[in-house]
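Here is the structure we will look at, set down as structure tokens.
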Amino acid sequence: MNIFRRLFKIGEAEANAAIDNMEDPIKLTEQGIRDMKHDLDKSLEALAQVKALAIRAKNDQEEFQNKAEDYQSKAIVILKKAHNKQMDAAEADRLAKEALLKKEESEKQVAQAKTESEKFDNNVAQLQKNIQNIKANISKWENELKTLKARVKVSNATKSLNKQMAELDSTGTVSMLERMKEKVAQEEALAEAYGDIANASKSIDDELEKAADTSTAKAEDELEKLKAQLGLNDSEKQG
């Protein structure tokens, strides 16, 4: 978690500036997660070691307690033997006293082992709490990383698109399209003008042809000539 500690221990303004200068936030986040996982491994190793010490302290406490009880039992047996004249009273007192001193020494070791056991139990509880926090942070940042990757992908795509849109005028694409649009409109107008001219010329030619049409008059002349040949014109006049 070294990277995250450096980031969050500095002031907010400095943190924002540091983040702004990051070239690859995804790689930085991935490195931060790796650091947390490394801390987790170290914490798990420390937990195992402290648990071993706690178990050893409990075993020592039980062992010293058994010794104290054993010395107590031996002192009782020795005093009973002296009372029953089975051994010298002075020797019995000496040995019983030594047994009681050993018992006292064992009881001190029991108290010390108990203190150490309680201390190790507290250490185990604290380490387990730290481990749970690290695991929660790893899970949180792994989810954040997924979201961050998606956001970066969208951001890069949006930035690329916006950059292309912003550079359209500078590359002359829009101007070129506008010129092409104007050129097409001009060509369409010119084609329409030629069509109007063609239609106007055709109408005048039709009128001239109609006005200069001699086919009807020529047919009249031919009719008169035919009647003359048949002698129909004279008979019509006589009648």
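A few points about this structure:
- Using a probe of 1.4 angstrom and keeping all protein chains present, the accessible surface of the range 49-157 works out to 72 square angstrom per residue.
- If you take the Cα centroid of the range 89-148 and the Cα centroid of the range 22-76, the two points sit 9 Å apart.
- Computed with a 1.4 Å probe on the full set of protein chains, the accessible area for LEU177 sits at about 100 Å².
- D (Stokes-Einstein, µm²/s), Kirkwood Cα radius, the range 103-158, 1.002 mPa s at 20 °C: 141 µm²/s
- Surface accessible to a 1.4 Å probe, ASP206 within the full protein complex, Å²: 90 Å²
- 10 Å binning of all Cα-Cα separations within the range 55-136, expressed as whole percents from 0 upward: 19, 29, 20, 15, 9, 6, 3, 0
- Too-long pairs where the Cα-Cα distance tops 28 Å, listed order kept, from LYS114/LYS135; LYS129/LYS149; LYS37/LYS114; LYS51/LYS108; LYS27/LYS135: LYS114/LYS135; LYS129/LYS149; LYS37/LYS114
- Neighbours of ALA96, meaning other residues whose beta-carbon lies under 14 angstrom from its beta-carbon, give a summed charge of +1 when Lys and Arg score +1 and Asp and Glu score -1.
- Full-extension gain in nm, ASN84 to GLN132, via 0.36 nm per residue minus C-alpha separation: 10.9 nm
- Within the same chain, lysines fewer than 8 places from LYS81 are excluded, and of the rest, those with a Cα less than 16 Å from its Cα are LYS97.
The values are calculated or read from the model by the stated rules, or taken from the named source; none is laboratory data. Just so it is clear, the model here is predicted, and its values are computed rather than measured. Methodologically, a virtual Cβ is constructed for each residue, glycine included, from the backbone with ideal geometry; neighbour enumeration extends over all protein chains shown. Side chains are part of the model used for accessible areas, which takes the heavy atoms of the whole protein and leaves out ligands, DNA and RNA. Shrake-Rupley method; radii C 1.70, N 1.55, O 1.52, S 1.80 Å.
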